[in-house]
Amino acid sequence: MTPANFDFHCHSVVSDGLLPPQDVARRAAANGVDLWALTDHDDLGGLAVARQAAEEAGMAFENGVEISIEWQGVPIHIVGLGFDAAHPVLSDSLNELRIGRIERAKRMGEAMAAIGIPGVYEGALCFATNPSLISRAHFARYMVSIGIARDVPGVFQHYLTPGKPGYVDHRWATLADAIGWITTAGGVAVVAHPGRYKMSGGDMRRFLDDFKDLGGQGLEVTCGSHSPDNVMHFARLARHYAFHASRGSDFHGPEESYVDLGKLPQLPEDLKPVWRLIR
Ligand code: AMP
Ligand code: MN
Ligand code: MN
Ligand code: MN
């Protein structure tokens, strides 16, 4: 099958999305997606339900995950696709990563208490359907609910980004870890939303050199947070590195995403789509 509309990046309530996996599946299918991957942050818990719902909706499905890493101090996300979800190396390692998230979340709560806003860790937990996967998005939603800011981007801007009072440094996985876990489990590693990282052009090239050397094969070229200029720029880099190109909305929920499932431009035609590596 040659998919007309593949979407390989989105979230459910298993991480910081707003819909259960089966509802994300139905929405993707209703939007015309014909090849889909669920890519929750650091957790594989939604994949079985997502696959079943995708099959019921007549949509092809691939396993996915979005792994939180840090490269030379920069937080970066690596999407894994088409792996064996039962492989213990991947699932055990993600377990460890989630334990680190809980510890980070507690420190975020302490940092907010220090500026006179107590109880945000406990409050954020109430917004996390999966208590083992707590994200800054849950903090932001809770903080909007108690009137600290008008909307989620406002909370990020004033409290949850580097230099702001609720932001704490954290040791994520390394680039080598994430690529190693994904490829050991039989999957393909893809750089998520490269246009979002605060990096110079030289650092981006050094990062992509490392990514390729370590076995990474894909680059998100078309995605929810990329401008048309970003798409052209990362298409050029995909050609330069001979990476396969991915396309993903990064949909989190109807109220919180700029781009809905499957509703984004096609990849530039000359690029090799990443699904060719896993189907
Ligand atoms: P975390 O993985 O816990 O650091 O949280 C990162 C998540 O927060 C991302 O996956 C997005 O869902 C969300 N996020 C990050 N930055 C922003 C922002 N500026 N505005 C809204 N949501 C954001
Ligand atoms: Mn997210
Ligand atoms: Mn991301
Ligand atoms: Mn994402």
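Could you grab me the full set of residues in segment 44-68 that are crowded, with 24+ Cβ neighbours inside 10 Å and within 15 Å of ligand 2 (Cβ to nearest atom)?
Of everything in segment 44-68, those that are crowded, with 24+ Cβ neighbours inside 10 Å and within 15 Å of ligand 2 (Cβ to nearest atom) turn out to be 46, 64, 65, 66, 67.
Let's see how each residue does on (1) buried (at least 22 other Cβ atoms within 10 Å of the Cβ); (2) of a type in the set (S, T, N, Q); (3) assigned to a loop (DSSP other than H, G, I, E, B); (4) modelled with pLDDT of 95 or more:
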residue	(1), (2), (3), (4)
205	no, no, no, yes
231	no, no, no, yes
257	no, yes, yes, no
267	no, no, yes, yes
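In this structure, is residue 17 touching a strand residue (DSSP E or B) at 6+ places or on another chain (Cβ under 9 Å) and part of a loop (DSSP other than H, G, I, E, B)?
Details: touching a strand residue (DSSP E or B) at 6+ places or on another chain (Cβ under 9 Å): yes; part of a loop (DSSP other than H, G, I, E, B): yes.
Criteria met by residue 17.
Within segment 167-203, track down each residue that is loosely packed, with under 14 Cβ neighbours inside 10 Å and within 15 Å of ligand 1 (Cβ to nearest atom).
Answer for segment 167-203, where residues must be loosely packed, with under 14 Cβ neighbours inside 10 Å and within 15 Å of ligand 1 (Cβ to nearest atom): 169, 171, 198.
List pairs: first residue in segment 166-189 and on the phi > 0 side of the Ramachandran plot, second residue surrounded by fewer than 24 Cβ atoms within 10 Å (Cβ to Cβ) anywhere in the structure, Cβ distance under 6 angstrom, at least six positions apart or on different chains.
186/84
Could you go through segment 230-245 and let me know if any residue there is closer than 17 Å to residue 39 by Cα and not polar (S, T, N, Q). Let's see the steps before the verdict.
Keep residues of segment 230-245 that are closer than 17 Å to residue 39 by Cα, which gives 245.
Then keep just the ones that are not polar (S, T, N, Q); that gives 245.
Checked against the condition, which is being closer than 17 Å to residue 39 by Cα and not polar (S, T, N, Q), segment 230-245 yields at least one hit.
Please determine, by comparing only the residues of segment 164-187 that are among the β-branched types (Val, Ile, Thr) and under 18 Å from the mean Cα position of the chain (by Cα), which one is nearest to residue 80 (Cα to Cα).
We begin by selecting, within segment 164-187, every residue among the β-branched types (Val, Ile, Thr); these are 168, 174, 179, 182-184.
From the residues that got through so far, the ones that are under 18 Å from the mean Cα position of the chain (by Cα) too are 174, 179, 182-183.
Numbers: 174: 14, 179: 8, 182: 6, 183: 8 Å.
That would be 182.
Quickly run through segment 178-207 and pick out the residues that are among the hydrophobic types (A, V, I, L, M, F, W, C), closer than 17 Å to residue 38 by Cβ and away from ligand 3 (no atom under 16 Å from the Cβ).
Passing the criteria: 185, 188.
Contact list please: Cβ distance under 9 Å, first residue in segment 83-109 and free of Cβ contacts under 8 Å to residues at least 24 places away in the same chain, second residue part of a helix (DSSP H, G or I) and of a type in the set (Ser, Thr, Tyr), pairs at least six apart or on different chains.
Here the result reads 106/121; 109/121, each pair linking segment 83-109 to a residue that is part of a helix (DSSP H, G or I) and of a type in the set (Ser, Thr, Tyr).
Please give the number of the condition residue 165 fails out of (1) touching a helix residue (DSSP H, G or I) at 6+ places or on another chain (Cβ under 7 Å); (2) assigned to a helix (DSSP H, G or I); (3) more than 21 Å from residue 96 (Cα to Cα).
For residue 165, the failing item is (2).
Return the residues of segment 70-96 that are in contact with a strand residue (DSSP E or B) (Cβ under 6 Å, 6 or more places away or on another chain) and under 20 Å from residue 45 (Cβ atoms); say none if nothing qualifies. Please lay out each step first, then the result.
Start the filter on segment 70-96 by keeping residues that are in contact with a strand residue (DSSP E or B) (Cβ under 6 Å, 6 or more places away or on another chain), which leaves 76-83, 85.
Correct list: 77, 78, 79, 80, 81, 82, 83, 85.
The values are calculated or read from the model by the stated rules, or taken from the named source; none is laboratory data. As the structure is a computational prediction, the values presented were derived from the model and not from experiment. Every residue, glycine as well, gets a Cβ built from its backbone with ideal geometry; the counts of neighbours run over all protein chains shown.
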